[in-house]
Amino acid sequence: MSEGPTPIGVLLRATPPDRLPELVADQLRQHHAAGRVEVLLSDLTRTGLWPVLDPDGPAAGTLALRCFGSQRPVTDIGVGRSNRVHLPITVWGERLGVLVVDTALPAGNGLTETFAGIADELAVALRAANGDTDRYARVQRRQRLTMAAELQWNLLPGSSLGDDRFLLAGQLEPAYDVHGDHFDWSLDGDRLTVTVLNGFGDGLAAALLTTTAVNAMRNARRSGANLVEQAELASDAIWSRAGGHGHAATLLLEIDLVGGRVEAVDAGSPKAMVARDGEIRPIELEQQLPLGMFGDSRYEPQHFSLEPGDRLLVVSDGVHAAAPSGRAEFGGSGLLSALRRTRLQPATEAIGTVMRSLREYHAGTDPADDAVIVCLDWRR
């Protein structure tokens, strides 16, 4: 009995990390009558999809963007030509891009499901390969990053995360020149830890403060420390480095994905709000000192609860306190209006809607501060 073709996942794991798109294209041509194949990756702003196999090619068109936004396959059924199938490249809720396949095979008969399985295998491989090649990072970057931005983008956990219990997404702007704003998260069983922070100052100095804070909190968390201990270790680390001349305004959250109970340490300027049953209300927390402002700072936890279907939004001061040209702060009616427009969007799309509203609010002027938005949809 002849053996069938080697599974695509096995082939991807045996392929050099910078040659994954070529392997997928070759397999699709050999076994699925594919013509043109392209792997499109999202840029850092999450507003465009760019080709890997043809790096000089144009940004993706409407159908690819629709596939990326909806996270559903999109097929363009041709007349007298091949069909073009768009498949989301997504792993653990993180949207990486879109696989585009032109094939002479007829639509139906499991074709989309087969291609979707290949796209899923490619997503896992791309995520694993990213630390071993710069090829995919070059596609995602449409201009050169500052050194501060390089530090902070390498520190980010990803752009989104999710399963059947929740969907979490974050966005950082301006993508190519950030000044200390950051987010981090970690999933451990039924516990989801989320932090949003802003390192004091500008440029590389702010990025180094943020790097110190994030790594200190990760060090504590990975050692089994609770949320208060994470905040206190980070505060001590920043104080040791900056001696009170720098700090990181931080909101730390630990979310119980079973009961919806949230433990919080509010150590600065990031703000949280919840959208529930068509209403949006701020989460009122007692603000404590930013991390690293004083030596031996101690913190107290606070608590609030989420309900199934809630949307939790956390924004840095670059969002809620933005007041271009002396206008009222965006965190008032502007942010609420933008958040209402996201009612029918998943968290991964909602953050883009809010960021676009923030850019429009600046009316062409350069923002005075960078901005972070983190959005959590708790599904149960």
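Points to keep in mind about this one:
- For P(r) over Cα pairs in 20 Å bins from 0, in percent, the value calculated from this model appears in [x] 20, 44, 28, 7, 1; [y] 27, 54, 18, 1; [z] 29, 58, 13, 0 under label [y].
- Alpha carbon centroid spacing (whole Å) that separates the stretch 319-371 from the stretch 76-108: 33
- Counting every other Cβ atom within 10 Å of each residue's Cβ, 378, 153, 92 order from fewest to most as 92, 153, 378.
- If you take the alpha carbon atoms of the stretch 157-260 and fit the smallest convex hull around them, that volume is 92 Å³ per residue.
- Phi-derived couplings, Karplus 6.51 cos²θ - 1.76 cosθ + 1.60 at θ = phi - 60°, listed residue by residue for the stretch 221-233: 4, 6, 9, x, 6, 7, 5, 5, 5, 4, 5, 5, 5 Hz, with x used for Gly and Pro.
- Charge tally around residue 74: other residues with Cβ under 13 Å, Lys/Arg +1 each, Asp/Glu -1 each, net +2.
- Base-10 log of normalised Debye intensity for the stretch 297-380 (one unit scatterer per alpha-carbon) at q = 0.13 Å⁻¹: -0.47
- Per residue of the chain, the DSSP helices (runs of n ≥ 4 H) give a summed -39500 (n - 2.57) that works out to -10000 deg cm²/dmol at 222 nm.
- Environment charge of residue 47, counting only residues whose C-beta is closer than 15 Å and scoring Lys/Arg +1, Asp/Glu -1: +3
- Farthest positive-ward along the chain dipole, Cα basis, beta-carbon charges - from 162, 253, 344: 344
No lab work stands behind these numbers, since they all come straight from the coordinates. Everything quoted here is computed from the prediction, not taken from an experiment. Because the Cβ atoms are built from the backbone with ideal geometry, glycine has one as well, and the counts that use them run over all protein chains shown.
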